[in-house]
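*Asks:* Handing you a structure now.
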Amino acid sequence: MRLPGAVSLSIDANGENENFYADNSVYYVINNNAGYDGDLEVALITTDFATAILGEQLDAKGVLVERNDAETSQFALMFEFDGDKNHIRHRCHKSGRLDA
């Protein structure tokens, strides 16, 4: 499902690199990849996204109603950074994993 109107996206990696020492030096570096946290700002959430993913409902007058007991659906966010000369597309799961 397309979600137009992206304004900004910021993603921060969770986890830290940890040095493993042997032979009196850094023998190798352990990468503790614990996923990513981020913020996506869009100009307007589409009705399709609001109902299918966020669990909102359209009432008889066509008004979106946000329910406090709504269950969100799992989804993956797919994006490409503007200016990337290789046009690499990324996918971020709800779990916080980021794939290229």
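Just so you know, all these numbers are worked out from the coordinates, no wet-lab data involved. No experiment lies behind these values; they were computed from the predicted model shown. Quick reminder, even Gly has a Cβ in these numbers, built from the backbone with ideal geometry, and neighbours come from all protein chains shown.
*Asks:* Here are some values of P(r) over Cα pairs in 5 Å bins from 0, in percent: (1) 2, 10, 14, 17, 16, 12, 9, 7, 5, 3, 2, 1, 1, 0, 0; (2) 2, 13, 21, 20, 13, 9, 6, 5, 5, 3, 2, 1, 0; (3) 2, 13, 26, 28, 20, 8, 1, 0. Which one was computed from this structure?
*Replies:* The calculated read-out lines up with (1).
*Asks:* Also: Using θ = phi - 60° and the Karplus relation 6.51 cos²θ - 1.76 cosθ + 1.60, list the HN-Hα couplings for the range 45-59 in order, rounded to whole Hz, with x at every Gly or Pro.
*Replies:* Each residue of the range 45-59 in turn: 6, 6, 4, 4, 5, 4, 7, 6, 9, 8, x, 6, 10, 8, 7 Hz.
*Asks:* Who wins for biggest fluctuation among Ala43, Ala22, Ala13 in a Gaussian network model of the chain, springs between alpha carbons below 10 Å?
*Replies:* Ala22
*Asks:* Who wins for biggest fluctuation among Gly38, Gly83, Gly15 in a Gaussian network model of the chain, springs between alpha carbons below 10 Å?
*Replies:* Ranking Gly38, Gly83, Gly15 by mean-square fluctuation puts Gly83 first.
*Asks:* Quick one: longest stretch of the chain between exposed loop chymotrypsin sites (Phe, Trp or Tyr not before Pro), exposed meaning at most 16 other C-beta atoms within 10 Å and loop per DSSP?
*Replies:* 1-74
*Asks:* Using the Karplus equation 6.51 cos²θ - 1.76 cosθ + 1.60 (θ = phi - 60°), what ³J(HN,Hα) coupling, rounded to whole Hz, does each residue of the range 71-81 give in order, writing x for Gly and Pro?
*Replies:* 3J(HN,Hα) across the range 71-81, in whole Hz: 9, 7, 8, 6, 7, 10, 9, 10, 7, 9, 7.
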